[in-house]
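Report on the structure given below.
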Amino acid sequence: MKRRIAVLGCGWSTYFLKDFLNGMQRAVKGKNIDIYYFNMYNYTEYSGFPNFTGASIFNLIHYEEFDGIVVLADLIGNVRILERERLRILKSGKPAISVNKKMEGICCIRMDNYSGMYEALDHLIKMHNVKDIAYISGKETSIDINERYKAYTTVLKDNGIQIDLKKIYNIEYSDHRSAYSFFTEFVKSGKPLPQAFACSNDFIALALLKVCYENKINVPEQLKLVGFDNIMESECISPTLTTVQNNAEQLGAEVVSRLEFGVNPSQILKVKSTPIFRQSCGCGYTASKYQSLYTLNILGDSSFKEEFDHQMEVLGEIFTEASDVFTLLTNIENYFAKYHTLEGSDFCIFMKSDWTSVLINSAENLPQNLSFGNQVQAICSIQENKKYLREMISTHDLIPAKMKSDESSIFIFMPIYHHSYVHGYYVSKNNMNLIDNRFGYIWTRTLGNSIEYFRKKNMFKLMSQQYLKLSTRDALSGALNRQGLEKLAKPYYAQNKKNGLTTVLFFVDINKMKHINDQFGHLHGDLAVKTVASAVLETVPKNWLCIRYGGDEFLVVGNSKNYNGEDYCQKIKERLAAKTNVMKLPYNLSASVGTYSVPPQSDLTLEQAVETVDNIMYEQKQAFHKEVDGK
């Protein structure tokens, strides 16, 4: 039986994450081990509230069913989430490793961010005679950033250089945009440049290099730069960037090795980072194969992003245009069966077993629900680029049986949710696309938001129908009112003609209504109206329209689709007689009924047809009065 390792992480640090998982994949190859990576994203909502609903993906994990557990604790960051998972892991008794952040009772393996940064800056000072070094980082407080900052302060002290707090810059985020904005303003201000900038990562360093290029600041002659992480772009620009290799791939392989051969919960191990000296610090550098590879990849990446953007647009259109749940599910499945470059050749989109009922839930906002339940259903299942039938599986199984294979594989799981309500999850096999850049985040947010849009669209549609029902309903009789004639009966009549159906009309008029009101009062008059309306509604087919046409008149509009020539004139009278026999009314309550059929090819408008059936009913009414007066 295959062994399985569960990995918990957050997808924002894509370079580290991809290298780490690649290292794990390399280490499990040929060892009958599968990797199950559960990926979350946190984000800040428009209200400013931090949203960690993405961590619900960890609720899928039953730790006792895995052979090893890896927690990328520094990527997840959230203390509450980490403590919850720590307790669950310890309860399972399974071997576990925390990466880059100590969790009590769990073995910790850390990247040594300190040594690589120290060596890089020490090289800058001793080999290039640099004494004036500024430091720039985001305001994040992760362990790796803190270690890099500690290396900066320590190397200055060790080389007898006084630390100038005015040359330590904390920008909003450790990203390219924040760094570019900061250094642009720095250059505009006319402040003197330091001899070098030590940057907490390559994104910051590359942003500074861009500003230098735009402002004709020569690197490394006027300003030397040192980054961290050794992302591919760092050696594919000119000048190439001096940086530090974080050895994340080696870290991933080491984690697998430790899980295989045993872990000591009290042990803290470190994997050393390595400085790489290039042109931005003043060292000579020979171009590597990655420069050509990077250049060749640019066009492909651009094309891939365009395809991804188009796919997100189409996905939104599918949810916008679908009129019902069945159409929505069919269109989603058919679309992904044809287009799934991003999702890979083997993937499933699972939704909770009650998902379709949620789609027609009319609540203004769905309540918080972070559980996936006991079962999920695949609304789209693609294996080896072929579509398979939708199936229901237990959440313990996580993936369909046909997704499993003999070779070691990595399965990537991401939640599908909106705000604090989880709808389901996505799983792919041996495909890193959705943890590259922001693709996975955008993909899951788009799908989650589209689901909510569809649900709200249904909610507003239902509200509109309810409003229409209320606005077209006569409160006394329960039949439609005259607005119902305009808004419902006329379109119904036109549709009958379009569909080639004969329209069947019945006109009902209460006999001696004035006598009832004058002699017995309007309460009895209201009772008469309700009783006759009830008799009509109980007699004609449910999908026919019954309209209170006047004070004591009712119009029934039906069609030949479910009409076999029944004598509803007589049936209405019989139903009314049966009702009044048990009511013991002080008067005789009856009605005159006329009927008329309008063939689809007729040129009559509904108003003209109603006038015709009204005249027919009037003849019945005259006959009634003659009979009564004759007595």
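A few notes on this one:
- Complete set of residues in the stretch 188-246 that are in a strand (DSSP E or B) and either open to solvent by less than 10 Å² (accessible area, probe 1.4 Å) or among the charged types (D, E, K, R) (or both): ALA196, PHE197, ALA198, CYS199, LYS224, LEU225, VAL226, ASP229, THR242, THR243, VAL244
- Strands (runs of 3 or more DSSP E) fully within the stretch 296-393 that include at least 3 residues being without any contact (Cβ under 8 Å) to a residue 40 or more places away in the chain and in contact with a Cys (Cβ under 9 Å, 6 or more places away or on another chain): 375-383.
- Count of the stretch 547-592 residues which are among the hydroxyl-bearing types (Ser, Thr, Tyr), assigned to a loop (DSSP other than H, G, I, E, B) and in contact with a strand residue (DSSP E or B) (Cβ under 7 Å, 6 or more places away or on another chain): 2
- Total residues in the stretch 133-152, condition open to solvent by 50 Å² or more (accessible area, probe 1.4 Å) and not polar (S, T, N, Q): 5
- Enumeration of residues in the stretch 153-185 that are of a type in the set (Ser, Thr, Tyr), open to solvent by less than 70 Å² (accessible area, probe 1.4 Å) and either in a loop (DSSP other than H, G, I, E, B) or in contact with a helix residue (DSSP H, G or I) (Cβ under 6 Å, 6 or more places away or on another chain) (or both): SER174, TYR180, THR184
- Residues of the stretch 65-103 satisfying the condition of being over 21 Å from GLY252 (Cα atoms) and either open to solvent by 50 Å² or more (accessible area, probe 1.4 Å) or of a type in the set (Gly, Ala, Ser) (or both): GLU65, VAL79, ARG80, GLU83, ARG84, LEU87, ARG88, LEU90, LYS91, SER92, GLY93
- Restricting the stretch 104-132 to residues that are within 34 Å of the chain's Cα centre (by Cα) and either β-branched (Val, Ile, Thr) or within 16 Å of GLN245 (Cα to Cα) (or both), the residue that is surrounded by the most Cβ atoms within 10 Å (Cβ to Cβ): MET111
- None of MET459, MET463 is out of contact with any strand residue (DSSP E or B) (no Cβ under 7 Å at 6 or more places or on another chain), open to solvent by 70 Å² or more (accessible area, probe 1.4 Å) and modelled with pLDDT under 95 except MET463.
- Where a residue in the stretch 244-272 is within 30 Å of ASP202 (Cβ to Cβ) and its partner, wherever it lies, is hydroxyl-bearing (Ser, Thr, Tyr) and outside any helix (DSSP H, G or I), with Cβ under 8 Å and at least six apart: VAL244/SER273; VAL244/THR274; GLN245/SER273; GLN245/THR274; ASN246/SER273; ASN247/SER273; ASN247/THR274
- Some residue of the stretch 474-485 being open to solvent by less than 10 Å² (accessible area, probe 1.4 Å), closer than 30 Å to GLY23 by Cβ and touching a Cys at 6+ places or on another chain (Cβ under 6 Å): no
- Evaluation of SER405 against the conditions (1) touching a Lys or Arg at 6+ places or on another chain (Cβ under 6 Å); (2) not in a strand (DSSP E or B) shows that the sole unmet condition is (1).
- As a summary of the residue check, SER47 satisfies the conditions (1) in contact with a helix residue (DSSP H, G or I) (Cβ under 8 Å, 6 or more places away or on another chain); (2) over 18 Å from MET414 (Cα atoms); (3) among the polar types (S, T, N, Q); (4) open to solvent by 10 Å² or more (accessible area, probe 1.4 Å) except for the one numbered (1).
- The stretch 107-136, residues that are in a strand (DSSP E or B) and at pLDDT below 95: CYS107, CYS108, ILE109, ARG110, MET111, ASP112
- Of all residues in the stretch 139-149, none are closer than 24 Å to LEU75 by Cα, in contact with a His (Cβ under 7 Å, 6 or more places away or on another chain), assigned to a helix (DSSP H, G or I) and not acidic (Asp, Glu).
- Once the stretch 260-271 is narrowed to residues that are over 11 Å from ILE109 (Cα atoms) and either part of a helix (DSSP H, G or I) or touching a helix residue (DSSP H, G or I) at 6+ places or on another chain (Cβ under 7 Å) (or both), the residue that is least open to solvent (accessible area, probe 1.4 Å) is GLU260.
- The residues listed here are GLY373, GLY448; of these, the one that is closer than 21 Å to VAL325 by Cβ, more than 14 Å from the chain's Cα centre (by Cα) and not hydrophobic (A, V, I, L, M, F, W, C) is GLY373.
- Looking across the stretch 458-482, the residues that are touching a residue at least 40 places away in the same chain (Cβ under 8 Å) and either of a type in the set (Gly, Ala, Ser) or assigned to a helix (DSSP H, G or I) (or both) come down to ASN458, MET459, LEU462, MET463, SER477, GLY478, ALA479, ARG482.
- For the stretch 484-510, filtered to residues that are among the charged types (D, E, K, R) and out of contact with any Leu (no Cβ under 7 Å at 6 or more places or on another chain), the residue that is modelled with the lowest pLDDT is GLU486.
- Meets criteria (open to solvent by 50 Å² or more (accessible area, probe 1.4 Å), of a type outside the set (Gly, Ala, Ser) and over 23 Å from LEU329 (Cα atoms)) for ASP436: no
The values are calculated or read from the model by the stated rules, or taken from the named source; none is laboratory data. Please read these numbers as outputs of a predicted model, since none were measured by experiment. Neighbour counts run over all protein chains shown; Cβ positions are idealised from the backbone, glycine included. Areas reflect the complete protein model, heavy atoms only, side chains present, ligands, DNA and RNA absent. Shrake-Rupley method; radii C 1.70, N 1.55, O 1.52, S 1.80 Å.
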